[in-house]
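Readers should treat all values here as calculations from the given coordinates under stated rules, not as data from a laboratory. In this text the structure is predicted, and so the values were computed from the model without any measurement.
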Amino acid sequence: MKHIDFRDQIASNKRKSFFLMFFVIVLTIGFGFVISFAFSPEYFFFIMIIAIIFSLGYTWYSFYNSHKLAIMASRAKKADRIIYKDYYRLVEGLTIASGLPMPELYIMDSENINAFASGRDPKHAVICVTKGALKKLERRELEGVLAHELGHIANYDIRFITLITVMVGMISILSQIFLRSLWFKSGDRGDGKLQLIFMVIGIVLAIIAPLIVMSIQAAVSRKREYVADATAVKFTRNPLGLIGALKKIGEENKPERKISKAVASMFFSNPFLKIGRTHPPLNERIKVLENM
């Protein structure tokens, strides 16, 4: 495998992420187009208004309070600067190297090696690491993990994921409303064959579209993990620490039972240790890093 420049890795995965988002937008518009032919255009706009209100309301609240919700879901506590002074020093050094503001630091009571970052922008960001990460990782390895989390903050990944979550929510709501409304559709309007065809297409899309967009959401999340890995190399100029941390995670971690699956995608590695939909396999991440 040829040498990979971290700058090329960041640019490539960002392009792929935006392409996946573009596909979701096209799918949403296409689904709306089918509904407008299966029913009246006025009915379609009514559905879109409801979908937009619910999706934006839910995701706006989640986005604006993402750091608070993540801390609550993981049961983390604020890291004491005196007790965890090395933790603070490492992050402070990385913020100087990256030009980012200092995030709030938290500790999660778990013996696994893991971490996550959250926040709607760098000024409202938090980083949380497990006690296991602080105990088991060497200084260089811990620095790599923290640089990865700062990479998520620097790349505005929470904002990016929130945007695609809005689209996923809209598709899901559209699908549910469309399928339920079929029970109330009048059959006395002289519907033609073309309208019937669009209705059948709409039913198929209503069933499979949510599955498609959730798969795309997971794919985007995986791409952002690669981007954060490459950004960590950019900040530290050394992939070996991150590689060491990933290898230890593969050897030592056990399934995590203390956190909600709703925040699993934010973690440095999948806390449930399944072949995660939201995280690339550890060996694939290591392989890419070894060639940087």
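Of 223/254; 77/234; 68/131; 234/287; 78/131; 77/131, which ones are farther than 22 Å apart at the Cα? Check vs 22 Å cut-off fails for 223/254; 77/234. Stretched out straight at 0.36 nm per residue, the stretch from residue 68 to residue 92 would grow longer than its current Cα-Cα span by 6.5 nm. The phi torsions of the range 131-142, fed into the Karplus equation with coefficients 6.51, -1.76 and 1.60 and a -60° offset, translate into couplings of 4, x, 5, 5, 7, 9, 8, 5, 4, 5, 5, 5 Hz, rounded to whole numbers, with Gly and Pro shown as x.
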